[in-house]
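> Got a structure for you, written out below as structure tokens; questions coming shortly.
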Amino acid sequence: MSPFDPVHCVMSVLTVAWMVVLLAPVGSINGAVIGTADGNQDDQMDAAFDSKADAFKDDYRVIPQPGDFRPKKLTFSEWINSTHTGRGPFFDHGSVAEGEVLLFRTKKNRHRAIPVMRATPNGMTSKFDDSLTFREWLRKTYPDEKAIRVTVRSTDVVRPVLQHLYAARHDFTAPVIVHANTFASRSSVEKPVDPVIFVDTVSKLLPESTISLGWTPSRDYAALNRLDWSRAFKLMSYTSNLQQPVMLTMNLNDALHSLEQLEWLLGIREPEFFVLVRADASAFVDAGVDSMERLAGLADGDKVLFDVDDAWKKKLKIISKRSTRKRKRSVVHPEEWTNLVFPRAHSMLSTSIVSKTGVAFLGWPNALLLSNHETQDYPSKQVITGKVMFLPKRSIRHITPEHDSGMILQLFDKDRLVIDSPTVSDTIKIFIGYDGRITIKNDLRHSNPLYSESSSSQLPKSGCYDFRITDRGWRVDAEVATTECAGLKDPIQASVPSTPPPTKKTYQTFVSLDTPISRQRRLRSVGVTKSGDGAIDFLVTELEHSSAWRQGLSLILLVLSCLVAFVGRLPVF
């Protein structure tokens, strides 16, 4: 056979064509031959298939989880809003199942301890006759659907009680409040519960519960157990890492003498703080009407509840209606600041806590507070004002702090996204020391030697300082003055009420330093941090970073006023 056979080639082509006809869909052939009416049949079939596939995706089968069959649990805030609507800021005992738990040890089995409910919750005895165990008491409270408030009386009973609550945590729909008297009052009649063990155990075994802290009972009915700043900062060392609500249980007189501290705690976002104020007919109160009005004003935000008798309810209702004036509060807007906390190898709590009334820098310097204001071009200026209160720790007051312990306000050009330390390099630092030393230092790397390196001044040592920092781009001015500290001194140590308190002299200083102009021709960013060691804590209140405004507008107004004055002096023809 020749290499090219025409007959063989024709037979091969016919065979391939016949196979294509057999394997092709009928609809497509008919559509190609008959017309376009049936040509869209495949498209319609594809569209119908796609719609069925989408419907199948929407109606996919959901596998139920065990938690889907349980009733929804109310948060503590939702429970307060639902149970106290129409009642005002008064605690409703009808919606709470309360009980105190003690630890019962038998003589036969000394190593076996059983948590038992106190037979007389309002008394001071510890009789166990005919008392329920804590486990039996929990079983009786299941059907009530009430919130549970359990009070542990000693450190030994904390873990057994939390173990029972952990086992029954799925049976409760209302919040669980675990209370302990962790602060020792004056003339205390019992030993306080260890706050570290209590808070740590509750946060691990029952993270959805509410932690309640209070003071131990006192023999002296007029004893003042004030929440001062030292105790408030110590409280934050226990609760700063919590993500569950925290409630403080206080007597009415103690709360009236702790308004500055309570207002600061209530302004913290996380953990969320609540206050339960208690008073009965025999309550001793030596505060004025102004303090009562301020406390009633704090109760407007549903974070302060009053557990008082009918007489005190009437008084508080009258005071809340009569209080029409609004007190000027030292508000710090958290949305205008960014709080950066960097890790540090210290067992002491080292962080910065932002509240609506102030920012606290605790422990070692590992936090940086950055302003969110956008920097403006030259010519402009920016002003930072505030008040700083220094507070040495009680446990180390006899230790001399470092010489550079204080607050530092930094002005820098560095990108905020690459900051990896609370101390920013290549900055201009304004230092306010706890001992009254004021310094403006030029720490720029490439600085002109014609500019001075630093400028400093000295004020008498004071607990609080008012400051006003003005950055003009080419010069930094610092105006610092001593001032009184609100809520820092104990009222017991104050003078006799009949005599006016001694007024302290106010000292003021002014420090200025010429600085190189930024290479970007813009104002520098603002950051607040701490320097020194952990012996000194400080609180910055009334912190405000004013919006940068341009001086060009003021110059134009000045020129226009000069022109108007010049035109007014021209002779009229």
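> Working only within the range 367-381, note down all residues that are under 27 Å from Asp537 (Cα atoms) and surrounded by 17 or more Cβ atoms within 10 Å (Cβ to Cβ).
Of the range 367-381, the ones under 27 Å from Asp537 (Cα atoms) are 367-373.
Listed by number, the residues that qualify are Ala367, Leu368, Leu369, Leu370, Ser371, His373.
> Please verify whether Leu444 is touching a helix residue (DSSP H, G or I) at 6+ places or on another chain (Cβ under 9 Å) and either of a type in the set (D, E, K, R) or at pLDDT below 90 (or both), treating the condition exactly as stated. Don't jump to the end; show me each part of the working.
Numbers: touching a helix residue (DSSP H, G or I) at 6+ places or on another chain (Cβ under 9 Å): no; either of a type in the set (D, E, K, R) or at pLDDT below 90 (or both): yes.
It is false that Leu444 is touching a helix residue (DSSP H, G or I) at 6+ places or on another chain (Cβ under 9 Å) and either of a type in the set (D, E, K, R) or at pLDDT below 90 (or both).
> Under 6 Å between Cβ atoms, at least 6 apart or on separate chains: pull out the pairs that start in the range 234-262 with a residue that is on the phi > 0 side of the Ramachandran plot and end on any residue that is surrounded by 21 or more Cβ atoms within 10 Å (Cβ to Cβ) and part of a loop (DSSP other than H, G, I, E, B).
none
> Return a yes/no flag: does the range 491-508 have any residue that is surrounded by 18 or more Cβ atoms within 10 Å (Cβ to Cβ), within 35 Å of the chain's Cα centre (by Cα), modelled with pLDDT of 85 or more and assigned by TED's automatic domain parsing to the domain that holds Gln382. Show your work before the answer.
First, pick out the residues of the range 491-508 that are surrounded by 18 or more Cβ atoms within 10 Å (Cβ to Cβ): none.
No - not one qualifying residue is present in the range 491-508.
> A follow-up question, please. Taking the range 302-330 only, how many residues are surrounded by 15 or more Cβ atoms within 10 Å (Cβ to Cβ) and modelled with pLDDT under 80?
3
> Moving to a separate point now. I'd like to verify a number: residues in the range 264-281 that are under 17 Å from Ser355 (Cβ atoms), surrounded by fewer than 22 Cβ atoms within 10 Å (Cβ to Cβ) and touching a Ser or Thr at 6+ places or on another chain (Cβ under 6 Å), how many?
Matching residues across the range 264-281 total 3.
> Now a separate question. Any idea which of Ser230, Ser154 is assigned to a helix (DSSP H, G or I) and surrounded by 15 or more Cβ atoms within 10 Å (Cβ to Cβ)? Reasoning before the result, please.
Numbers: Ser154 fails: assigned to a helix (DSSP H, G or I).
Just one listed residue meets the conditions, Ser230.
> Being in contact with a Ser or Thr (Cβ under 8 Å, 6 or more places away or on another chain) and hydroxyl-bearing (Ser, Thr, Tyr) is the filter; apply it to the range 239-260 and report the residue that is surrounded by the fewest Cβ atoms within 10 Å (Cβ to Cβ).
Filtering the range 239-260 for residues that are in contact with a Ser or Thr (Cβ under 8 Å, 6 or more places away or on another chain) and hydroxyl-bearing (Ser, Thr, Tyr), the one surrounded by the fewest Cβ atoms within 10 Å (Cβ to Cβ) comes out as Ser240.
> So the check is Cβ under 8 Å with 6+ separation or different chains; which pairs have a first residue in the range 411-425 that's free of Cβ contacts under 8 Å to residues at least 24 places away in the same chain and a second one that's part of a loop (DSSP other than H, G, I, E, B)?
Listed by first residue and then by second, the contacts come to Ser425/Lys414; Ser425/Asp443; Ser425/Arg445.
The values are calculated or read from the model by the stated rules, or taken from the named source; none is laboratory data. Being a predicted model, the structure only gives us computed values, none of them experimental. Please note: Cβ atoms are built from the backbone with ideal geometry, for glycine as well, and neighbour counts cover all protein chains shown.
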